[in-house]
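Student: Here it is: the structure, laid out below.
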Amino acid sequence: MKKVFSRPKSLKNNPFHYCPGCGHSILHRIIGEVIDEMGLQEIAIGVPPAGCAVLAYNYFDIDMGEAPHGRGAAVATGLKRALPNRLVFTYQGDGDIAAIGTAETIHAANRGENITAIFVNNAVYGMTGGQMAPTTLPGQKTTTSPGGRTEVAHGHPMNLSEMLALASGSVYIVRTAVSSTSNILKTKKAVAKAFQVQLSGMGFSLVEVLSPCGTNWKMIPTEACHWIEESMVKCYPLGVIKDITGGRKSAD
Amino acid sequence: MRGNHVIGEAAIRAGCHFYAGYPITPQNELTEYMAARLSEVKDGVFIQAESELAAINMVMGASMAGTRAMTSSSGPGISLKQESISFLSAMELPAVIVNISRGGPGLGNIAPSQSDYFQATRGGGHGDYRNIVLAPNSVQELADLTMRAFDLADKYRTPVLILGDGMLGQMMEPVEFLDPKKPGKPVSKEWTLTGANGRPSRIIRSLLLDPTVEEEHNWKLVRKYERIIHKETLVEDFLLGDSTMAVIAFGTAARITKGAILRAREQNIKVGMIRPITLWPFPSKAIQEISKIIKHFLVFELNTGQMIDDVRLSLEGRGEVHFYGRPGGIIPTPLEVSRVIASQYYQKRLG
């Protein structure tokens, strides 16, 4: 019988530890597929974050170097500047990239560092038990906003990707989701394009992925995917936020 | 040449290809030197980072890639780097970190001080680790120890700190750069992240969730630290032969002490000096040996008393220890220190 579906070569034969319905597993697979299809396994270097996805190095069969919490963009900068002909990407959660690592991220984007950030937005701190994140929605209950996030007490949800789009050095910034088959396919295309931007030497690229965290949202997986499409997208609209690849060398 | 420039030149000659830093006085000349000099080096990278935090993490990335990398700062900035110095130690990544220190705590001032001794020698960040700490006392030593720092960092896969101060960074002296014996001595780097090309993929990490694995990692680091203590401790003896009293001082304080001792000796005061060149590993054995002959010690530091703890721990009660310190960026003259020496010497009826 013809084999039509198998594990990407760029993923190790390790079962994911992620919760059932977690978006990380889907996203790992997508990235693995893109790395395979673009033939990047031998030049890819990943920088996992602090958080659930710190264990990404147990799954990706590529070189990976851990960054301190939030410092992914700086570590990736060092790697990429030292090895300009490799593909260097960070894989960061919302707390990592949009709270503790905001400065490193904004400046890497503004310098136009030729790296790619994969930004997983699930609106909570997942690994630590579901605390409020910079991306938590207004009204959303978390363990540190038990009455629901209010803009007066907790501030506004942070649209980091839109902020990064203002940086002159960012080239391609897109927001996708892994909430449905079509969104998963769009995410895969976005990751491939972001990597292509980097390979073409154009500058900073980022793919923000809205991703379910059923465990901390206290939802079953289907409810979590619905919540992304009903609620999260209102705050974080899907689609291309910035694409100036046409103005430079073509990325496609 | 100026001290800060010398560190930069020595680093380049030692094969440093990557520097990231952030402006802070009194080390700016080093950052500026690296900006100019690395642009002349093939594949040289200079980045003015958005913070000291970012700078050391860039160095971490470059180090993962196998590049000889350096950052520098002064006290307040070195505090910011501590998180990543802990990570570098945990992940066994080589890096050279220069602290041209200043008066503290807080913003303090930009005058020379040795108040970062504890921070440098106790690890400084979280977790159970040590750093090699080199304490030059002249511009020539800035050159020699900077080159040595890169070799040690690679040899032991550990961060190496150079603890200078504003005086050393700013002063100008003649210097001779030793040709690095074997430039970039082929240290095996089969752990670097360069892409899994023709080899299995690699991981560099510090997360060790299983306590038995973390414990074994801690003991592994300890075994490495024991090798470093055994092989890399450096100390200078100065006129100890006939002495009944020894001053213990490092860096700029040791430089002042030499002048003070020469003055004191003009008055027939039999005093010498022990100068730790490595602050970690601390030359405890050398001090223990000397305590068999000399029983009176004067610790002189440009702080309120930090290295004195290590001196006391080394002596384990086998000598009398006194302290003289000038914190806050005050640089006493050799005359002042010689008077302190003389007063101790006569009070204790040592001569």
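Student: If the chain between A:Val4 and A:Thr222 were fully stretched, how many nm would it gain, using 0.36 nm times the residue separation less the Cα-Cα distance?
Tutor: Values: separation 218, 0.36 × 218 = 78.48 nm, distance 2.59 nm.
Gain on stretching A:Val4 to A:Thr222: 75.9 nm.
Student: Scan around A:Leu87 for amide H atoms under 5 Å from its own, H built in the peptide plane at 1.01 Å from N, and keep only partners 5 or more places away or cross-chain.
Tutor: Close amide H contacts, sequence-distant or interchain: A:Ala44, A:Ile45.
Student: Which of the DSSP-defined H helices in chain A satisfy a minimum axial length of 24 Å, computed from C-alpha atoms, and a minimum mean Kyte-Doolittle hydropathy of 0.0?
Tutor: On the way: long enough: A:181-199 (27 Å, 0.02).
Answer set is A:181-199.
Student: Please compute the contact order of the range A:23-243 in relative form: average sequence separation of alpha-carbon pairs under 8 Å and at least six residues apart, divided by the residue count, as a percent. Working shown, then result.
Tutor: Details: 464 pairs, mean separation 42.7, N = 221.
This gives 19 percent for the range A:23-243.
Student: Now for a separate question. Using a simple spin-label model with points 7 Å from Cα along the Cα→Cβ vector, what separation in nm is obtained for A:Ile244 and B:Met172?
Tutor: So the label points at A:Ile244 and B:Met172 sit 4.4 nm apart.
Student: Continuing with this model, one more query. Averaging the inverse of every distinct alpha carbon separation and then flipping it gives the Kirkwood radius. What is it for the range B:236-347, in angstrom units?
Tutor: Details: mean 1/r = 0.0735 Å⁻¹.
Kirkwood radius, the range B:236-347: 13.6 Å.
Student: Then there's this: Averaging the inverse of every distinct alpha carbon separation and then flipping it gives the Kirkwood radius. What is it for chain B, in angstrom units?
Tutor: On the way: mean 1/r = 0.0482 Å⁻¹.
Hydrodynamic radius (Kirkwood, Cα only) of chain B equals 20.8 Å.
Student: While we're on this one: Quick one: length gained pulling B:Asp237 to B:Glu320 fully straight, 0.36 nm per residue minus the C-alpha distance? It would help to have the intermediate numbers written out before the result.
Tutor: Values: separation 83, 0.36 × 83 = 29.88 nm, distance 1.87 nm.
Result for the pair: 28.0 nm of gain on full extension.
Student: Quick one: Kirkwood hydrodynamic radius for the range A:95-162, alpha-carbon pairs, angstrom, one decimal? Provide the component values of the computation, followed by the final result.
Tutor: Numbers: mean 1/r = 0.0783 Å⁻¹.
Hydrodynamic radius (Kirkwood, Cα pairs) of the range A:95-162 is 12.8 Å.
Student: Which percent of the accessible area of the protein assembly as shown is formed by carbon and sulfur heavy atoms (probe 1.4 angstrom)? Mind showing how you got there, number by number?
Tutor: Values: 13140 of 23550 Å².
That fraction is 56 percent.
Student: Suppose we take every Cα in the range A:23-243 and form the convex hull; what volume per residue is that in Å³? Each step should come with its number before you reach the end.
Tutor: Numbers: hull volume 23.0 nm³, N = 221.
Cα-based convex hull of the range A:23-243, divided per residue, equals 104 Å³.
Student: Counting other Cβ atoms within 10 Å, keep those with at most 10, restrict to DSSP loop, and tell me which GluC sites (Glu not before Pro) in the range B:1-100 are left. Display every interim value, and only then the final one.
Tutor: Values: sites: B:Glu9, B:Glu29, B:Glu32, B:Glu40, B:Glu50, B:Glu52, B:Glu83, B:Glu92; in loops: B:Glu40, B:Glu50, B:Glu92.
Of the GluC sites (Glu not before Pro), the ones in loops of the range B:1-100 whose Cβ has at most 10 other Cβ atoms within 10 Å are B:Glu40.
Student: Solvent-accessible area per residue for the protein assembly as shown at a 1.4 Å probe radius, Å²? Don't skip to the end; give the middle numbers.
Tutor: Details: 23550 Å² over 603 residues.
Accessible surface, normalised per residue, equals 39 Å².
Student: Now, a different point. Kindly provide log₁₀ I(q)/I(0) values, in the same order as q = 0.17, 0.20, 0.24, 0.25 Å⁻¹, from the Debye equation applied to equal alpha-carbon scatterers of the range A:1-87.
Tutor: With one equal scatterer per Cα and no solvent, log10 I(q)/I(0) is -0.74, -0.99, -1.28, -1.34.
Student: Can you pull the accessible area of B:Asp151 for me, 1.4 Å probe, Å² to the nearest 10?
Tutor: Here the residue's solvent-accessible area equals roughly 50 Å².
Student: Can you bin every Cα-Cα distance in the protein assembly as shown into 10 Å intervals starting at zero and give me the percent of pairs per bin, rounded to whole numbers?
Tutor: In whole percents, the pair-distance histogram is 3, 16, 24, 21, 16, 10, 6, 3, 0, 0.
Student: Follow-up question, since we're still on this one. Of all chymotrypsin sites (Phe, Trp or Tyr not before Pro) in the range A:82-152, which ones are in loop regions per DSSP and have a Cβ with at most 10 other Cβ atoms within 10 Å? Working shown, then result.
Tutor: Details: sites: A:Phe89, A:Tyr91, A:Phe119, A:Tyr125; in loops: none.
Loop-located and lightly packed - none at all.
Student: Moving on to the next point. Please give the contour-minus-distance gain from A:Glu37 to A:Lys12: 0.36 nm per residue of separation, less the Cα-Cα distance, rounded to one decimal in nm. If you can, show how the numbers build up before the last one.
Tutor: Numbers: separation 25, 0.36 × 25 = 9.00 nm, distance 1.61 nm.
Gain on stretching A:Glu37 to A:Lys12: 7.4 nm.
Student: Average partner chain C-beta neighbours within 10 Å, per residue of B:83-92? Before the final figure, lay out each step's value.
Tutor: Details: counts 4, 5, 0, 1, 6, 1, 0, 2, 2, 0.
Neighbouring Cβ atoms belonging to other protein chains average 2 per residue here.
Student: While we're on this one: Could you list which residues have their amide H under 5 Å from that of B:Ile132, counting only those 5 or more apart in sequence or on another chain, with H placed in the peptide plane?
Tutor: B:Leu161
Student: Relative contact order (percent) for chain B, with alpha-carbon contacts under 8 angstrom and 6 or more residues of separation? Provide the component values of the computation, followed by the final result.
Tutor: Working: 736 pairs, mean separation 59.6, N = 351.
It comes to 17 percent, rounded to a whole number.
Student: Have a look at the range A:44-175 and give its Rg and Dmax from the Cα atoms, expressed in angstrom.
Tutor: 15.1, 49
Student: Okay, next question. Enter the Cα centre distance for the pair the range A:193-252 and the range B:108-147, rounded to the nearest angstrom.
Tutor: With the range A:193-252 and the range B:108-147 each reduced to a Cα centre, they are spaced 45 Å.
Student: Shifting gears a bit: Which number comes out as Rg/Rh for the range B:1-95 once both Rg and the Kirkwood Rh are worked out on C-alpha atoms?
Tutor: Values: Rg = 12.3 Å, Rh = 13.1 Å.
Rg/Rh for the range B:1-95 comes to 0.94.
Student: Please sort by residue number the trypsin sites (Lys or Arg not before Pro) in the range B:1-96 whose DSSP state is loop and whose Cβ has at most 10 other Cβ atoms within 10 Å. Please report the intermediate quantities before stating the final value.
Tutor: On the way: sites: B:Arg2, B:Arg13, B:Arg37, B:Lys42, B:Arg68, B:Lys81; in loops: B:Lys42, B:Arg68.
Taking the range B:1-96 and a limit of 10 other Cβ atoms within 10 Å, the loop trypsin sites (Lys or Arg not before Pro) found are B:Lys42.
Student: Okay, moving on. Using the Karplus curve 6.51 cos²θ - 1.76 cosθ + 1.60 with θ = phi - 60°, what ³J(HN,Hα) values do you get for each residue of the range A:149-161, in whole Hz, with x for Gly and Pro?
Tutor: With coefficients 6.51, -1.76 and 1.60, one gets 5, 10, 5, 5, 7, 10, x, 8, x, 9, 9, 4, 4 Hz.
Student: Using only the Cα atoms of the range A:41-99, what are the Rg and Dmax in Å?
Tutor: 10.8, 32
Student: Would you mind giving the mean number of other chain beta-carbons within 10 Å of the Cβ of each residue in A:36-42, as a whole number? Please report the intermediate quantities before stating the final value.
Tutor: Working: counts 0, 0, 0, 0, 1, 4, 7.
So the per-residue partner count for this stretch is 2.
Student: Quick check on chain A: helices-only [θ] at 222 nm, where DSSP H runs of length 4 and up contribute -39,500 (n - 2.57) each and the sum goes over total residues. Nearest 500, please. Kindly include the intermediate steps, with their values, before the conclusion.
Tutor: Working: 8 runs with 76 residues, N = 252.
Result for chain A: -8500 deg cm²/dmol, rounded to the nearest 500.
Student: At the nearest 100 Å², what buried accessible area, both sides summed, do you get for A and B when the probe is 1.4 Å? Show your work: numbers first, answer last.
Tutor: Numbers: alone 11020 and 15070 Å², together 23550 Å².
Buried area between the two chains comes out at roughly 2500 Å².
Student: Related question: Is there a simple number for the mean count of other chain Cβ atoms within 10 Å of the Cβ of residues in B:190-203, and what is it? Display every interim value, and only then the final one.
Tutor: Numbers: counts 0, 0, 4, 12, 8, 13, 11, 5, 1, 2, 2, 13, 6, 11.
Average per residue, whole number: 6.
Student: Could I ask something else about it? Can you run phi through the Karplus equation (6.51, -1.76, 1.60; θ = phi - 60°) for the range B:225-240 and list ³J(HN,Hα) in whole Hz, with x for Gly and Pro?
Tutor: Each residue's phi maps through the Karplus curve to give 4, 5, 4, 5, 4, 5, 9, 10, 5, 10, 8, 10, 9, 9, 6, 7 Hz.
Student: Separation between the B:Arg199 and B:Asn218 pseudo-spin-labels, each 7 Å from Cα along Cα→Cβ, expressed in nm?
Tutor: Simple spin-label model gives 3.1 nm for this pair.
Student: So how far apart, in nm, are the two label points at A:His156 and A:Thr128 if each is 7 Å from Cα heading toward Cβ?
Tutor: Rounded to a tenth, the inter-label distance reads 2.4 nm.
Student: Can you tell me the order of A:215-224, A:101-110 when each peptide is scored by its average per-residue count of other Cβ atoms within 10 angstrom, highest first?
Tutor: Details: A:215-224: 16.5, A:101-110: 23.4.
Highest-to-lowest ranking by the protection proxy: A:101-110, A:215-224.
The values are calculated or read from the model by the stated rules, or taken from the named source; none is laboratory data. Computed from a predicted model, the values in this text were never measured in an experiment. As a convention, Cβ positions derive from the backbone with ideal geometry for all residues, glycine included, and neighbour counts pool all protein chains shown. Protein only, heavy atoms only, side chains kept; ligands, DNA and RNA dropped before computing areas. Shrake-Rupley method; radii C 1.70, N 1.55, O 1.52, S 1.80 Å.
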